[in-house]
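Read the figures in this text as sums done on the coordinates, not as results from a lab. What you are looking at is a predicted structure, and each value in this text was computed from that prediction instead of being measured. Neighbour counts run over all protein chains shown; Cβ positions are idealised from the backbone, glycine included.
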Amino acid sequence: MEINDKFLKPYDPKETEDKIYKLWEDSGFFNPDICVEKGVTKSDAEIFSMVLPPPNVTGSLHTGHALVLTIEDIMTRYARMQGKKTLWLPGTDHAAIATQSKVEKLLEKEGIKKKDLGREEFLKRVEKFAQESHDTIVRQTKKMGASLDWSREAYTLDEKRNLAVRTTFKQMYDDGLIYRGNRIVNWDPKGQTVISDDEIVYEERKAKMYTFKYSADFPIYISTTRPETKVGDTAVAVHPEDPRYKDYIGKTYVVEDFCGVKLEIKIIADGTVERDFGTGALGVTPAHSQTDAEIAQRHKLPSKQVINEFAKMTIGDERILNKKTTEAREIIVSWLKENNLLEKEEEINQNVSTAERTGAIIEPLPKLQWFIDVNKKIPNRENKSLKELMLEPVRDGKIKIIPNHFEKVYFNWIENLRDWCISRQIWYGHRIPVWYPRTKAELSSGQAENKKIYCNINPPEDIENWEQDTDTLDTWFSSGLWTFSTLGWPTENTDLKNYHPTTMLETGHDLIFFWVARMVLMSQYLLGEIPFENVYLHGMIRTMDGKKMSKSMGDKAIDPLDIIIKYGNDALRLAMIIGNTPGNDLKLNENDIRGYGKFANKIWNASRFVLEKISDLDLNNLPKLDEEDAISQEELENLIKEITKEMNEFRYSIVAEKLYHYFWNTFANIIIERSKKKILENNNSDSAKALLYLQLTILLKTLHPFTPFITEEIWQILLPRRNTGTTTQNSLAPVLMVEKWPND
RNA sequence: GCGUGGUUAGCUCAGUUGGUAGAGCGACCCCUUGACGUGGGGUAGGUCACAGGUUCGAAUCCUGUAUCACGCACCA
């Protein structure tokens with residue numbers, strides 16, 4: 001085939017990209033073992049390893065994923081071209097609560113309820129959905145050009161990762177790091193599960209604050225936004241030095257009828273009460289408030305649960321019993337008004353806790369749950385706590401966070417960290433590997449005492465006498481193991497030895513606590529080593545009006561796959577990289593992408609020109625450059641030195657911009673234009689041709705991590721010519737992807 | 001309340017050891033048998049939020065102010 005046939009048409013990404021990806025995949029070079037086998041990587045080469053942040057199996061890819069895939073593919077391709085043994089490991093995340101609630105919603109549309117199906121049947125539906133999502137995600141990921149080693153693909157809920165999770169749980173349980181405790185937890189009434197502190201999203205809303213007293217003869221007014229919880233009050237707390245209330249401290253008042261409920265209220269003094277807030281007196285509801293529970297514990301106050309898992313009242317007469325909390329609130333407020341107990345009603349701004357996944361308002365409830373103790377000293381880790389294990393490697397510089405200022409954010413989070421609630425009342429996920437004895441007495445009473453429990457990697461042998469805990473684990477528990485569970489841990493193997501700790505962890509800065517910190521925790525605790533040497537945190541992608549891009553935005557959001565069809569993947573990549581610096585959000589707009597599409601066209605046309613002009617050039621025996629051309633070549637070499645340094649400092653935006661400008665303003669506008677004159681006048685035309693060829697090959701290589709498709713396509717056209725040299729040892733690797741980065 | 005980041009051309013943003021400000025897009029003008037009309041070339045446009053300080057010299061370092069985001073906590 002004539003080398004210029006393909007160039008007769010403008011560059012068409014639609015026709016090219018799938019074909020090029022297949023070429024890469026078929027070459028096997030995504031897999032570092034094959035690179036070594038086929039001699040493109042030395043067996044003792046330096047290692048570059050990185051895990052892909054596993055996308056949730058909840059649907060399809062969005063621009064956030066496209067950004068991850070672009071940045072990480074640049075990192076990976078650069079490392080591979082530098083001759084490093086390079087592993088970028090793919091996988092997907094079962095995303096427990098997110099996936100389950102998605103399937104529940106789908107079933108709802110068919111009029112099917114989760115509990116009608118039962119646990120097993122429901123899980124089958126979820127697994128089917130997860131599998132379909134997985135397939136879509138993998139297909140789309142390949143469209144993005146990601147050079148991932150698919151032979152090592154993992155899933156957070158597959159058999160190997162399951163073993164890793166159970167092994168971890170068992171070890172933490174034996175070390176006393178995992179415990180079961182009855183505490184006030186964040187209950188999601190919609191999702192019907194507990195969630196961790198990090199899964200709460202605060203929303204500012206207008207709320208009414210009511211100031212009232214429990215009864216006409218009660219001496220103190222209190223303020224609250226949730227009058228319905230007051231039927232669960234057991235005390236009123238005041239500041240010990242507040243002169244207004246000093247005389248009442250220590251007394252107990254019986255309120256015979258608070259909207260049909262009898263209350264016993266003790267007046268206590270607690271230093272945490274703020275005198276200036278409200279009336280300076282706080283009605284203590286130990287069962288439905290975290291801070292009140294702490295006060296109650298200090299003063300040994302009784303706790304009275306008055307709200308259940310469905311956010312309905314469990315106390316009172318027909319007026320409020322079984323009513324929703326919001327209804328009960330109104331009823332109690334009108335009761336207060338009727339009885340002249342309400343002093344004040346004012347509108348305030350309030351941060352309402354909502355569940356990240358379901359959007360429901362969190363109901364604090366006392367519940368028996370599993371926790372990870374972050375403060376307990378661990379004997380076989382030099383008596384350090386999990387908190388210390390998370391803190392140290394970052395503080396000591398063993399883990400470098402880019403951009404640097406996120407280290408402070410990280411420290412700040414650890415300082416305020418409380419025990420991690422890891423149990424969830426949902427069905428999809430890793431079931432907790434704990435079994436309770438099933439005795440006849442317990443079966444008949446329906447109540448397990450849990451005196452003796454069995455925790456192990458595998459179920460007890462006499463399984464018929466045991467019943468497994470019905471809860472599953474927080475999805476981040478398995479995500480925390482990701483850097484090494486993907487490499488086969490807990491089974492000893494060479495992958496784990498070779499590729500762990502990983503070189504780089506690249507993810508969005510919104511995941512620093514959820515994921516990054518949890519990986520440090522798990523790796524430090526289980527392996528006694530860091531999970532990664534570098535953390536690169538990118539920003540969020542926003543629309544032009546500054547909103548976080550999400551699918552619910554409809555037309556305003558950019559769908560990466562639409563963009564690829566319109567402008568090509570290379571254009572999208574450049575738009576995501578140029579002007580994007582770590583930690584900062586990126587406003588993505590279609591105009592920019594269109595502009596970089598033009599650049600791809602420029603590369604295409606310039607390459608056509610070069611290939612036409614060098615058709616008679618002996619590529620294995622290049623003519624000498626004249627003085628002028630030698631200077632140009634030296635300038636490019638200097639540029640390569642600069643950008644190589646910048647690549648090593650992860651400054652991809654700068655590198656892409658410099659290459660863009662060099663290609664357009666120097667290579668196309670100066671060197672090509674000069675060569676036209678030289679070739680036309682046949683004055684040093686050999687030198688001009690040699691320079692065109694040298695510059696183009698270097699530019700294709702250095703552009704390749706950023707615009708892999710078009711550079712590979714051109715390389716493939718160029719290749720037959722390069723490999724027709726007389727000497728076979730001169731022949732090149734079959735794909736640009738494994739060419740050497742032009743360091744020298 | 002504690003913490004972090006931003007404020008640079010009409011818009012979106014770069015600008016790392018402090019040395020007379022850059023890009024893309026947009027605007028305007030010119031070119032059109034040229035590798036490229038999904039084009040090319042060019043022009044205009046900025047007391048780098050404000051006020052002090054350090055310095056021969058500050059967008060860059062220090063202090064303070066304003067303002068916009070974000071994170072955490074509180075939320076009676």
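List of remarks:
- Rounded to whole Å, sorted largest first: equivalent-ellipsoid semi-axes of the stretch A:398-544, Cα gyration tensor: 37, 20, 13
- Alpha carbon Rg of the stretch A:462-510, scaled by the compact-globule rule 2.2 N^0.38 Å: 1.67
- Label-reachable residues, the stretch A:110-143, where backbone N falls under 19 Å from a point 7 Å from residue A:308's Cα toward its Cβ: A:114-116
- Residue-span extension gain [residue A:318 to residue A:411] - 0.36 nm each, minus C-alpha spacing: 28.4 nm
- Note on chain A: Rg/Rh from Cα positions, Kirkwood definition for Rh, rounded to two decimals, is 1.08.
- Value of Rg/Rh across the stretch A:39-170 [Cα atoms, Kirkwood radius]: 1.08
- Shown here for the stretch A:36-98: trypsin sites (Lys or Arg not before Pro) in loop regions (DSSP other than H, G, I, E, B) with at most 12 other Cβ atoms within 10 Å, namely A:42.
- Arranged from fewest to most other beta-carbon atoms within 10 Å of their beta carbon, A:371, A:411 become A:411, A:371.
- On the principal axes of its alpha carbon atoms, the stretch A:566-645 extends 48, 31, 20 Å, with the longest extent given first.
- The angle between the Cα long axis of helix A:627-648 and the main principal axis of chain A comes to about 20°, on a 0 to 90 degree scale.
- Convex hull per residue volume in Å³, alpha carbons only, for the stretch A:369-442: 164
- Sites matching GluC sites (Glu not before Pro) across the stretch A:360-447 that sit in DSSP coil, with at most 16 neighbouring C-beta atoms within 10 Å: A:382
- Annotation for the stretch A:249-265 versus the stretch A:381-412: alpha-carbon center distance of 49 Å.
- Radius of gyration, Dmax [the stretch A:300-428; alpha carbons; angstrom]: 22.2, 66
- For the pair residue A:117 and residue A:565 in one chain, pulling the backbone fully straight at 0.36 nm per residue adds 157.2 nm over the alpha carbon distance.
- Taking 1.002 mPa s as the viscosity and 20 °C as the temperature, the Stokes-Einstein diffusion coefficient of the stretch A:168-298 based on its alpha-carbon Kirkwood radius rounds to 127 µm²/s.
- Sorting A:687, A:485 from the fewest to the most surrounding beta carbons within 10 angstrom yields A:687, A:485.
- Förster radius 25 Å - calculated FRET efficiency between residue A:150 and residue A:36, Cβ distance, rounded to 0.05: 0.90
- Tilt relative to chain A, helix A:590-613 - C-alpha long axis, 0 to 90 degrees, to 10: 20
- Where labels lie 7 Å past Cα in the beta-carbon direction, separation of residue A:497 and residue A:197 in nm: 4.1
- Dimensionless Rg ratio for the stretch A:591-744, taking C-alpha atoms and the 2.2 N^0.38 Å reference: 1.03
- Where labels lie 7 Å past Cα in the beta-carbon direction, separation of residue A:60 and residue A:206 in nm: 4.0
- Label-point gap, in nm, between residue A:624 and residue A:594 - each point 7 angstrom along Cα→Cβ: 5.1
- By average C-beta atoms within 10 angstrom, highest first, the peptides A:696-703, A:263-270, A:202-209: A:696-703, A:263-270, A:202-209
- Computed P(r) (all Cα pairs; the stretch A:238-316; 10 Å bins; percent): 17, 46, 32, 6, 0
- Distance between the C-alpha centres of the stretch A:662-699 and the stretch A:323-370: 74 Å, rounded to the whole angstrom.
- Stretchable slack from residue A:680 to residue A:128, in nm (0.36 nm times residue separation minus alpha-carbon distance): 192.2 nm
- Taking other Cβ atoms within 10 Å as a rough exposure proxy, A:313, A:172 sort from fewest to most as A:172, A:313.
- Between helix A:96-109 and chain A there is an angle of about 80 degrees, using the helix long axis and the longest principal axis of the Cα atoms.
- DSSP-defined antiparallel bridges as percent of all bridges, chain A, nearest 5: 70
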